[in-house]
Amino acid sequence: LFQIMKLLHLLSLQALSLLFANNALFALAQDDEEETAVETTPEEVPKYTPPEGSQTFKFEAEVNRMLDIVVNSLYKHKEVFLRELISNAADALDKYRYLSLTDEAIKSAEDVGLEINLEYDKEEKTLTIRDTGIGMTKEDLVENLGTVARSGTSKFVEAMKQSDNADSTIEQIGQFGVGFYSSFLVSNRVTVASHHPTSPKQYVWESVNGASDFSIYEDPRGETLKRGTEITLHLRDDASEYLDDTRLKNLATHYSEFVTHPIKLRTTSTVEVDVEDEEEDETKDDEEKGGDEGKTEDDEDDLEVKDEEEEKPKKMKEVTTYSWDVLNSNKAIWTRDKDSISDDEYQNFFHLLNDNEYQNATTWSHFNAEGNVNFKSILYLPGEKPASYQMGQIDEIKGAVRLYVRRVLIGDEFSLLPKYLSFINGVVDSDELPLNVNRETLQEDKILKVIKKKLTRKAIDLIRDFAKKSAKKDVGDDDAEAEISPEGDVDVKDDEDDEPKEDAYLTWYDKFAANIKLGVIEDEPNRGKLVKLLRYQTSKSDGKLIPLADYVAGMKDWQDSIYVLGGTTLEEIKSSPFLETFKDKGLEVIYMTEAIDEYLVKHTRDFDGMKFVDVSSENIKFKDEDADLQKRREKAYQKKYKPLTKWLKTLYGQTVLRVQVAKRSLGSMPAVVSSSDYGNSANMERIMMAQTFQSEQDMMMGMGSMKVFDINPRHPLVVKLLDGMPDSEDGDDETSSEPDEDTTDAAWMLHDMAMLNGGYPVSDPVAHNKRMLKVLQSQYGLESLTLEPEIDPPIEDDEPDEPDFDAMGGMGGMNMDDFDMDAMGDMGLDDMDLDEM
């Protein structure tokens, strides 16, 4: 019961707030302190009395609620009012253009161009948006601006649908009623003057922000509008920023750059002009007329000289001039047929989107998506990395893909593509996004989700097609050009450049490979397509990057896995001892030098049915070998080396997971530390340790310590270690004695060698160094490593040390052969920069 009472109380408070929402931003609970009440009170609206003879109408309840929503919560940014009003003006222009072709009564007698004009008055603090569209009668003003439900545009579109008119030229941008009320975001009072072609008079609609009514009266100025609507916003004090031509130009260009009709802004400029004093000019003329009669030629000459010497400075005054600047000269090329657009036009449009006229797009895709959702789009692949990528940050780029609705920008903050494709530039224009309430909360709209899905597929297809075309161009045309001589002989013209052309996709891939790999990891639905875009260097590719499909095509008949090996550099990978066996068998291995490759392999697992296998993992078997023979050998080796493997595991402790006889050929290596099937490779462990906040303890708790110590049963060093094991009656029993110190040191040196062979760091560098010193001591036959006493050189006079040119490789590393003596012999003083010397 208490919850119900509380709910009823909240509902009653909400009803009260709806009744008075336009007068203030109400709180549900009243605070007794006056300071709090002052802070929540909006700017006081100046009192206004409509002119005599005006009619007053009450807003409908829906409008009152809408005004409260618009002013307080609908829009995140006040600046969108200009976008809404320009969109409505464009609607009115489109409506007139259509009706003037079908209704002679609508067509104006006077030729008035279809345009939208913006102007402001700083003294009056007003901003005016004027169009030459269809205009409104007195009844239209009452009906369209007094209710949301009967908006002029929505009613017109509904009538068109009912008449089954499929004319594609009628493209209304928004719902007039809702967009119009955004003017109260920045205005204390709004005045709308409108003249319909069929109306004999011009009427004015006027309302004050927060009022529950509006007034309509005949315009006392007369018919100042030949046709159309003029909206005058009496701006609030906190909206003075919109009384600046630069601010208005930026807003109109940002949101309405591609509106079909011209948008013009009246700009002011002050210039200085010459001013002639009329009185002085008249006096001067009289003197010249009266004095010319009695003057001689000498006097005239003297007078002319005097005028030249006593020239008076010209008077200047400032004059304010007005001009109209067109703000939307750029055209929306995505609305045109792609066959009619040249490559230069596409590149120029890319420069506009990218705000960089010096970088061209690599390729692009212009398409119309049809189905459940229809939209038009152009997507560009840039040729260079964005600035944030060059800083090592693969983040979403604001404004990379812009969302338009009938050529009006809705926003550039929507994530229309996944993060890994955020470098792609483009536009999306849809007629099906809901515009009747809130354009700022489209992110969760179902239609927008469908658009995102289709855009992602189109972007991936764009990269795929680019890769295919580049590969074909790289192969080139085998047919040589032939020319026929005047004698009729056929002369085959060989290409001068026999070198193959550079693959454009590989050039592009070198810059954006990390994005494609990130997509393979994150985008599971499109992983199959993205994997085909990867390119890697292999042990058989001669330094070239090849796709995985080419690797699979070159696999052995018995091969069922894709072999990979990671490392920090190509040189490190190529020198890895793991490759020895694979080279002997002629198996191709993919080189992975990027840190992200390790994560990619873990997420992808297979390609075209072939699993990815790291050559540094433990259980690698080749199907070209006799499985039964290998099984019998493994069993025999395990029994033979059991004393050694048990002792080594006890000796090495937690540094390895287990010690075993290698189940694969290790080549010339006596031992190697491999990663277990479920552990991290050496390269992956190094990457994880380099990450911020990653500690060695975390690595030990995870997969980092799952190392397997494999010994080579055929290597002499391993056989010698086995001989150093104490004898026992039964190989399965524990030996009572331990191996000698030399055998233990040899075992630890084998351990360190195996760790380095596997790509892992030495577990105890200090102990490793001590053992190496003992080896060197034994090698040189030193009885002791005690240091020699310090030398006591005789005292010498203080003289500067002579440079040791031999140790320096000549005179400071320079050689006289490095100098061009002939050129220096021709050099004069004029050729030397003495100031720098």
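Being among the charged types (D, E, K, R) and within 30 Å of residue 683 (Cβ to Cβ) is the filter; apply it to segment 748-789 and report the residue that is surrounded by the most Cβ atoms within 10 Å (Cβ to Cβ).
The first filter runs over segment 748-789 and keeps only residues among the charged types (D, E, K, R), leaving 752, 764, 770-771, 774, 783, 788.
Add one more test, that the residue is within 30 Å of residue 683 (Cβ to Cβ), and what stays is 752, 764, 770-771.
Details: 752: 20, 764: 13, 770: 12, 771: 16.
Result: 752.
The residue that is farthest from residue 509 (Cα to Cα), counting only those in segment 348-362 that are at pLDDT 90 or above and open to solvent by less than 30 Å² (accessible area, probe 1.4 Å), is 349. Total residues in segment 332-346 satisfying the condition of being open to solvent by 30 Å² or more (accessible area, probe 1.4 Å) and under 20 Å from the mean Cα position of the chain (by Cα): the figure is 0. Cβ separations smaller than 6 Å between residues 6+ apart or across chains give the following pairs from segment 697-724 residues that are closer than 15 Å to residue 649 by Cβ to residues that are at pLDDT below 90 and of a type in the set (Ser, Thr, Tyr): 706/676; 708/674; 708/676; 710/674. Residues that are exposed (fewer than 14 other Cβ atoms within 10 Å of the Cβ) and of a type in the set (S, T, N, Q): does segment 495-508 have at least one? Yes, segment 495-508 contains a residue that is exposed (fewer than 14 other Cβ atoms within 10 Å of the Cβ) and of a type in the set (S, T, N, Q). For segment 490-529, a tally of residues being in a loop (DSSP other than H, G, I, E, B) and modelled with pLDDT of 90 or more returns 4. In segment 225-239, how many residues are over 18 Å from residue 49 (Cα atoms) and open to solvent by less than 70 Å² (accessible area, probe 1.4 Å)? Adding up the residues that qualify gives 7. A Cβ distance below 7 Å, combined with a sequence gap of six or more or placement on separate chains, defines the contacts here; from segment 616-634, residues that are closer than 27 Å to residue 576 by Cα reach residues that are part of a helix (DSSP H, G or I) in the pairs 616/682; 622/585.
Mind checking which residues of segment 40-58 are at pLDDT below 80 and of a type in the set (Lys, Arg)?
Residues of segment 40-58 at pLDDT below 80: 40-48.
Listed by number, the list holds a single entry, 47.
Would you please name the residue that is most open to solvent (accessible area, probe 1.4 Å), looking only at residues in segment 371-396 that are modelled with pLDDT under 75 and closer than 19 Å to residue 463 by Cα?
The first filter runs over segment 371-396 and keeps only residues modelled with pLDDT under 75, leaving 388-396.
Then drop every residue that is not closer than 19 Å to residue 463 by Cα, which leaves 389, 394, 396.
Details: 389: 19, 394: 52, 396: 105 Å².
Filtering first and then ranking leaves 396.
One residue stands out in segment 530-558 among those that are assigned to a loop (DSSP other than H, G, I, E, B) and open to solvent by 60 Å² or more (accessible area, probe 1.4 Å): the one that is nearest to residue 457 (Cα to Cα), namely 532.
Taking the conditions exactly as written (farther than 17 Å from residue 114 by Cβ, acidic (Asp, Glu) and touching a helix residue (DSSP H, G or I) at 6+ places or on another chain (Cβ under 7 Å)), does residue 241 satisfy them or not? So residue 241 passes the test.
Here is the figure for segment 240-277: residues that are of a type outside the set (Ser, Thr, Tyr), part of a loop (DSSP other than H, G, I, E, B) and open to solvent by 20 Å² or more (accessible area, probe 1.4 Å) total 4.
Only one of the listed residues (649, 621) is under 30 Å from residue 745 (Cβ atoms), open to solvent by 50 Å² or more (accessible area, probe 1.4 Å) and not β-branched (Val, Ile, Thr). That residue is 649.
The values are calculated or read from the model by the stated rules, or taken from the named source; none is laboratory data. Note that this is a predicted model, so its numbers are computed, not measured. Neighbour counts run over all protein chains shown; Cβ positions are idealised from the backbone, glycine included. Remember, those area values only see protein heavy atoms, side chains included, never the ligands or the DNA or RNA. Shrake-Rupley method; radii C 1.70, N 1.55, O 1.52, S 1.80 Å.
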